[in-house]
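This report concerns only the one structure given below.
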Amino acid sequence: MKLTNHFIRNKVKKLAGQPDRRRSCFCNLKDARHILVLFNAEDHDEVEPCLETLRMMHKHINVCAYISGDAVPEMNPSYMLIHARNDLDMWYVPKAEVQEKFRSCDADILIDLTRGNNYAMQYLLLQHPGTFKVGARTNDLDLYDLTVSVTEDADIKHLFGHILFYLQTIRSK
């Protein structure tokens, strides 16, 4: 663990612990027009088929990928890339311009496919004004409106399949 993770982790815990931080509103996949998907760049090959599934459903997809190292996989130029070295401050908190750009992405549903404790992405997720957030339970924090429990060795395709199933069966009215 890096010492600087301590500070961003505390900020995430504080944001997640605020019960009145935002109003949530359940949204099913049929009603959603804009979907924001978060993932780690090293998982690009696993995530791309999931994104293609959403595109085939005629959803407008915004994508945000977190790059922890120097190697950047070839990705769609429309994706928002967050580089750990350039876009985070010394405490691993995303810089103000990154936060503003992220908050400006339209999203009826925000899907978090990041793995591990990616505190920078969790911080951005909690700051986003989207009203329905979905992801896998990774720790004791309450980050999502819909939390999917999966085993630790479950892959992204498996997680996405569960998320898609629940988003299709939710009745929002």
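The values are calculated or read from the model by the stated rules, or taken from the named source; none is laboratory data. Computed from a predicted model, the values in this text were never measured in an experiment. Using ideal geometry, Cβ is built from the backbone for each residue, glycine included, and neighbour counts are taken over all protein chains shown. Areas reflect the complete protein model, heavy atoms only, side chains present, ligands, DNA and RNA absent. Shrake-Rupley method; radii C 1.70, N 1.55, O 1.52, S 1.80 Å.
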message = Sequence gap at least 6, Cα distance under 8 Å: using those rules, report the relative contact order of the chain to the nearest whole percent.
response = 30
request  = Pull out a ≥ b ≥ c, the square roots of the eigenvalues of the alpha-carbon gyration tensor of region 71-130, then state rounded if a/c is under 1.5, prolate if not and a/b is larger than b/c, and oblate in the remaining case.
outcome  = rounded
inquiry  = Could you tell me how far the Cα centroid of region 6-58 sits from the Cα centroid of region 65-89, in Å?
reply    = 17
remark   = Given the candidates 128, 154, 102, the one whose Cα lies deepest towards the positive end of the charge dipole of the chain, counting +1 at each Lys or Arg C-beta and -1 at each Asp or Glu C-beta, is 128
request  = Would you list which aspartates and glutamates come within 14 Å of residue 95, measuring only between C-alpha atoms, while excluding same-chain residues fewer than 8 positions from it?
outcome  = 87
query = Quick one: Cα centre-to-centre distance for region 129-173 and region 98-112, in angstrom?
reply = 17
ask   = By what distance, in whole Å, do the Cα atoms of the chain stretch along each of the three principal axes, largest value first?
value = 43, 39, 33
inquiry  = With both bridge residues required to lie in the chain, what share of the DSSP beta bridges run antiparallel, to the nearest 5%?
reply    = 5
Sequence of 42, 52, 74 when ordered by accessible area, the most exposed leading, probe 1.4 angstrom = 74, 42, 52
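Out of all Cα-Cα pairs in region 94-169, roughly what percent, to the nearest whole number, are more than 16 Å apart?
Working: 1413 of 2850 pairs.
Roughly 50 percent, rounded to a whole number.
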task = Determine how large the accessible area of residue 162 is when every protein chain is in place; take a 1.4 Å probe and give Å² rounded to the nearest 10.
result = 60
query = How high is the relative contact order of region 1-83, in percent, with contacts defined as C-alpha pairs under 8 Å that are six or more residues apart?
reply = 26
ask   = Size of the dipole of the chain about the Cα centre, Lys and Arg at +1 and Asp and Glu at -1 on the beta carbon, nothing else charged, in debye to 20?
value = 820
